[in-house]
């Protein structure tokens, strides 16, 4: 009787352990688009405002400053993003949280509003820093695999296309009102950053 | 115990309600006529004052509104938010109707003080479960678009008949603000 009871307990423990091992995968980063890893990378960038908006703000800033700045941002940002992604592939999941994103929104939005006269070197350094940080955060937790590397390439392609198109569009703006509209867009980005600081303090 | 160990997949990024957060944010400033009147009046006044007020006011407004929004999310109360919003329509409408031309700093201060009330009202009303980031972006964008509508209408200021029309629009905004003020005080 005692032996049968012990057997029942042991079989229940075994069942519990088996269930504990049957965890589903933790999809902490890229959502599967069903169209392959390149599209997964593209989709991730285009549907993640915490990545998309800072890149957009940087493209606006580069465009306001002129063609040389646009060219620098067009190549530096995607290259740094790719490097950061590759560096992060073997790292554990990292997340800068809302506060990290709001920092970039505030900084880059503020620079666009102020039409900040950054030197080309400062702009290149800013692009490199943003790309490395965001690339690392995107890459972390994906695991070192061929599919993850291809996804990182897709993501980099999306960054390149966005920065090229937006910077080129802004560079050719000559009408004063159009350049002011770009700066107003910067104020929206900075205001969103301020609001996000409030949310992160509240813990939403 | 068995069920608690059956862990579902953790989706750490895109959540089902995120798009809802953006749409709710976009709708929020449009859902109250008092908000709409005041936002459009900011654009009208900016257009009437001309450069640099035409862009300083729409830049100052969202930034200061964000500060008001922060107070709202943090649960810090501001007395008489609804009265402040109605007063913004009354005062900004009157500024357009009487073509007031204060110094730029004064105009920005007036707009900024009222922006705090609008921001607080938006910030205090995030629907549960929605993305705070997208909600914030949504209501900032909607507010900016309402300013743009005001500036667009305000371009008629270059013509004599347009100036009269603009002053009439200011009077309508003031009347609307007075109506909402009565409602808020009732």
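Values in this text are rule-based calculations from the coordinates and carry no lab data. In this text, all values refer to a predicted model and were calculated from it rather than measured experimentally. Because the Cβ atoms are built from the backbone with ideal geometry, glycine has one as well, and the counts that use them run over all protein chains shown.
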For chain B, using Cα atoms only, the Rg and Dmax in Å read 19.1, 78
Percent relative contact order for region B:25-185, counting Cα pairs under 8 Å at least six residues apart, stands at 44 percent
In whole angstrom, the spacing between the Cα centers of region B:35-67 and region B:108-164 equals 8 Å
In this structure, the FRET efficiency calculated for residue A:103 and residue A:14 from their beta-carbon separation, with R0 = 51 Å, to the nearest 0.05, is 0.55
At 10 °C in a medium of viscosity 1.306 mPa s, region A:83-204 has a Stokes-Einstein diffusion coefficient, with Rh taken as the Kirkwood radius over alpha carbon pairs, in µm² per second, of 99 µm²/s
So residue B:78 and residue B:109, fully extended at 0.36 nm per residue minus their Cα-Cα distance, gain in nm 9.4 nm
Per region B:18-90, sqrt(5λ) over the Cα gyration tensor eigenvalues, sorted largest first, in Å, gives 23, 16, 14
With the convex hull built on the alpha-carbon atoms of chain A, volume per residue in Å³ sits at 139 Å³
Mean projected area (nm²) from the convex hull of Cα positions in the protein assembly as shown is 25.4 nm²
Taking Cα atoms, the helix B:18-27 axis meets the longest principal axis of chain B at an angle in degrees (rounded to 10) of 20 degrees
Mean other chain Cβ within 10 Å across B:68-81 is 3
Note on region B:66-143: contact order normalised by length, alpha-carbon pairs under 8 Å, 6 or more apart, percent, works out to 55 percent
Packing-ranked peptide list from B:26-36, A:135-145, highest mean Cβ count within 10 angstrom first, is A:135-145, B:26-36
For region B:106-148, the Debye formula with one identical point scatterer on each Cα and no solvent gives log10 I(q)/I(0) at q = 0.20, 0.23, 0.25, 0.28 Å⁻¹ as -0.70, -0.86, -0.94, -1.05
Across B:37, B:23, B:92, the residue with the highest GNM fluctuation in chain B (Cα network, 10 Å cutoff) is B:23
Longest principal axis of chain A (C-alpha) makes with the long axis of helix A:176-202 (C-alpha) an angle, in degrees to the nearest 10, of 30 degrees
Mean projected area, convex hull of alpha-carbon positions in region B:75-149, reported to one decimal in nm², is 6.1 nm²
Using alpha-carbon positions, the gyration tensor of region A:90-139 gives root eigenvalues a ≥ b ≥ c; with a/c under 1.5 called rounded, otherwise prolate if a/b exceeds b/c, else oblate, the class is oblate
The helix B:132-154 Cα axis meets the longest alpha-carbon principal axis of chain B at an angle in degrees, between 0 and 90 and rounded to 10, of 20 degrees
